[in-house]
Structures are given as C-alpha cells and as structure tokens.
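Beneath this line is the structure, given in structure tokens, with notes to follow.
The values are calculated or read from the model by the stated rules, or taken from the named source; none is laboratory data. Keep in mind it's a predicted model, so treat the numbers as computed, not measured. Cβ placement follows ideal geometry from the backbone for every residue including glycine, while neighbour counts extend to all protein chains displayed. Please note that ligands, DNA and RNA were not included when accessible areas were found on the heavy atoms of the full protein model with its side chains. Shrake-Rupley method; radii C 1.70, N 1.55, O 1.52, S 1.80 Å.
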Amino acid sequence: MPSPAGPSSPSPPGRRKPVVVLVVGMAGTGKTSLMHALTAHLEAKGSPAYTLNLDPAVATVPYGSNLDVRDTVNYKEVMRQYNLGPNGAIVTSLNLFATRFDQVMDILEKRAAQGGGEGAQTQPGQEGTEGAGAGAAQGEQSREE
C-alpha cells in the first residue's frame, strides 16, 4: 500500500527498512535533548543510531553525530558573508547544505548497504541568538563512522 508521501519501495529479501526519526521544533523545545536520550537508549539496546545533525547553529551536539551540517557550512560565516541575522543564516546555511544533499544520500545509501543502524536526525528551530559553527562556509567534509 502506498504511503501518503508516495509509493514505498520494497526492502530486499532478508533486510528490513531502517526506521527514520526526524525531530523538528522551535528553539528551546528539547530537540537535541530528545535526540540524546533516543541515541543513548538505542545504544543501550545494542542498536546504535546513525545520526545526522541538520542544525547549523547548535553550539554542541551531546551525542555522536555521523553527519553534521556544521562540517559543510559555517553558520557564523554565512551570517557575516551575506549580512544576515540568525534566522536568515540558518535558512541560508540549510540551502547551501541542500546543494550537496546528493553527497549525503550517497553516504547514507553506502551505510544502509553495510547494514547500518537506525536513522535519526535533528533540524534547527528558530534561533534568537548566535550559535557556533565549525568548518568552512562551503567545505566538503563529513563525519562518517
């Protein structure tokens, strides 16, 4: 039966589809705390998560993030370069990251072929203060474990 998002592709025999959790919400609502608790729970059960951090303005991620937008886009540099406020820099950072999303998908597909863990990701809320970023404004690194 097709899902509301479109037809679902069948999993190869003997392989189940990974569960993907996307956490979205306003700033300060506990997205990062939820992800931290979720990844700790999965690790304790022996099913480590494969996580992506999609918040370019987060200062620290308290769990191991396999892929991190901050490795590709420097939020503070985007603010400076484009003369943007915090919210505009978050959106622009994500737009810059999206131009390389095919590379992210390649990494995720390779990980899935290796029998990787569950997928979990967090996205930014609207920030009212500056966050810290890492990497270059348009670097090409990614964290892959």
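Residues are listed down the side, and each one gets a yes or a no for (1) part of a loop (DSSP other than H, G, I, E, B); (2) of a type in the set (A, V, I, L, M); (3) touching a strand residue (DSSP E or B) at 6+ places or on another chain (Cβ under 9 Å):
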| site | (1), (2), (3) |
| --- | --- |
| Ser33 | no, no, no |
| Ala37 | no, yes, no |
| Ser47 | yes, no, yes |
| Met79 | no, yes, no |
| Asn87 | no, no, no |
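Determine which member of the set Pro56, Pro86, Pro62 is open to solvent by 30 Å² or more (accessible area, probe 1.4 Å), within 26 Å of Leu38 (Cα to Cα) and modelled with pLDDT of 90 or more.
Going through Pro56, Pro86, Pro62 in turn, just one is open to solvent by 30 Å² or more (accessible area, probe 1.4 Å), within 26 Å of Leu38 (Cα to Cα) and modelled with pLDDT of 90 or more: Pro62.
Test Leu94 against the stated conditions and say whether it is of a type in the set (A, V, I, L, M, F, W, C), modelled with pLDDT of 80 or more and open to solvent by 40 Å² or more (accessible area, probe 1.4 Å).
Details: of a type in the set (A, V, I, L, M, F, W, C): yes; modelled with pLDDT of 80 or more: yes; open to solvent by 40 Å² or more (accessible area, probe 1.4 Å): yes.
Here the answer is yes, as Leu94 does meet what is asked.
Mind checking which residues of the stretch 29-53 are under 15 Å from the mean Cα position of the chain (by Cα) and either open to solvent by 60 Å² or more (accessible area, probe 1.4 Å) or aromatic (Phe, Trp, Tyr) (or both)? Steps first, please.
Of the residues in the stretch 29-53, the ones under 15 Å from the mean Cα position of the chain (by Cα) are 31-36, 38-39, 49-53.
If the condition is that a residue be under 15 Å from the mean Cα position of the chain (by Cα) and either open to solvent by 60 Å² or more (accessible area, probe 1.4 Å) or aromatic (Phe, Trp, Tyr) (or both), then Ser33, Leu34, His36, Tyr50 are the ones that fit.
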